[in-house]
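Just below is one structure, and these are the notes that go with it.
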Amino acid sequence: MNVRALNRALLARQHLLERTAQPAAAMLGHLVGLQAQAPLAPYVGLWTRLSGFRPEELAALITGRDAVRGSLMRGTVHLVLAEDALILRPLIQRVVASGYTGHFGRRIGDADLDVVAAAGRAWLEERPRTRRQLRDLLAERWPDHDAEALSYAVGYFVPTAQVPPRGVWGSTGPAVLTTLDGWLGRPLAEKPPIEDVVRRYLRAFGPASVADVQAWSGLTKLREVVEPMELRTVRAESGDVLYDVEDGLLPDPDTPAPARFLPEYDNVLLSHADRARVLPPGRRVPLPPGNGASRGTVLVDGFYRADWRLHGTGLEVSPHDRLSAGERAEIEGEAGRLLAFLDAGERPVRFTGN
């Protein structure tokens, strides 16, 4: 398969060729969650894939505990369905825990991590707390240790959830943590089937190599999992073996791809070891700070070719290469729909640079 064929397969499976009418929960499950360091980014991620999506629908899932925010794939914050969190966190736990090595690991000194984690869990079960509140409690119990490093240890080794109003449209607030199982009222899965998760990844992101699955999840040594599975295989132009589910969508590579606005950190840009299927050579994924729903990237003909940012005076589109008049018109039309979704009023759309 060439790059364009892989691009169109990815776009079709991500519902970026044509918006679909389905509940937000169904799309969240299909995508195996949305990356959510920027708390409001998932709202734009669902808007660009769903027809008729309203922010209140996703907000209700979060406040109703049907969807939850927490550290999952690659050790990064994701918004996933509650039932998926209970499956994914045990699988990803070693990835999350590995993030503690290095900077914080060197600062913890001789503190017993198991004891620290147990104390942190008890405090978070007592009531949700911010990291600063947790740090103050740890400092009181371990006055001779680095309280910040200890607080991060709790976050890495205790499966936690970020509770509302964090991530709720129209609300704001700091990241407040509690235990994941306590928040959802259900235990984490004891032996979650990783093969099922691999199939779900392929259905949303495939065809993909073993390295791609590892890049998405953060897990290693997955060849021994993937190769024995009964999966369809194809060859990339590079010669790499790509695995796929039997019913994975494979549209015609010449299928037109409309302009699409993606939020910060969208997994379309981050979930493959070989990102050529969506990133032009030499282009990196931007990782801006922010609360979400105010900036991101633009796909033109299926590839990342511009950035967008919402200002007080308008929506700014910054192309990375020259756009045709037709491409600019298409982007401008989609930008108008995004402004309407964001309830941003009659702001102009401006192009900068190219």
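Rule-based calculations on the coordinates, nothing more; no lab input. Source: prediction; values computed, not measured. Here the Cβ is made from the backbone with ideal geometry for all residues, glycine too, and neighbour counts use every protein chain on show.
Things worth noting here:
- Among the trypsin sites (Lys or Arg not before Pro) in segment 291-354, those located in a DSSP loop and surrounded by at most 15 other Cβ atoms within 10 Å of their own Cβ are ARG322.
- Here's how it looks for ARG295: its modeled amide H is under 5 Å from those of GLU264, LEU310, which are all 5 or more places away or on a different chain.
- Whether segment 260-351 is rounded, prolate or oblate, judged on the alpha carbon gyration tensor where a/c under 1.5 counts as rounded: oblate
- When only the Cβ of Lys, Arg, Asp and Glu is charged (+1, +1, -1, -1), the dipole of the chain relative to its Cα centre reaches about 520 debye.
- In the chain the longest region clear of GluC sites (Glu not before Pro) that are loop-assigned by DSSP and have at most 15 other C-beta atoms within 10 Å covers 19-189.
- Förster radius 45 Å - calculated FRET efficiency between ASP321 and ARG223 (Cβ-Cβ, nearest 0.05): 0.75
- Theoretical ellipticity at 222 nm over the chain - DSSP helices of four or more residues, -39500 (n - 2.57) apiece, nearest 500: -11500 deg cm²/dmol
- Only one residue of GLY33, LEU242, ALA335 has its Cα farthest out toward the positive end of the dipole of the chain, where Lys and Arg carry +1 and Asp and Glu -1 on Cβ, and that residue is ALA335.
- Note on segment 90-185: with charges restricted to the Cβ of Lys and Arg (+1) and Asp and Glu (-1), its dipole about the Cα centre is near 380 debye.
- Sequentially through segment 291-300, phi angles give Karplus couplings (6.51, -1.76, 1.60; θ = phi - 60°) of 8, x, 6, 9, 6, x, 10, 10, 8, 10 Hz, Gly and Pro residues having no value and appearing as x.
- Among the trypsin sites (Lys or Arg not before Pro) in segment 194-231, those located in a DSSP loop and surrounded by at most 13 other Cβ atoms within 10 Å of their own Cβ are LYS221.
- Span-like helix ranges in the chain, DSSP H, alpha carbon extent 18 angstrom or more, Kyte mean at least -1.0: 82-98, 113-126, 325-341
- Simple Cβ-charge dipole of segment 260-351, Lys/Arg +1 and Asp/Glu -1, about Cα centre, in debye nearest 20: 240 debye
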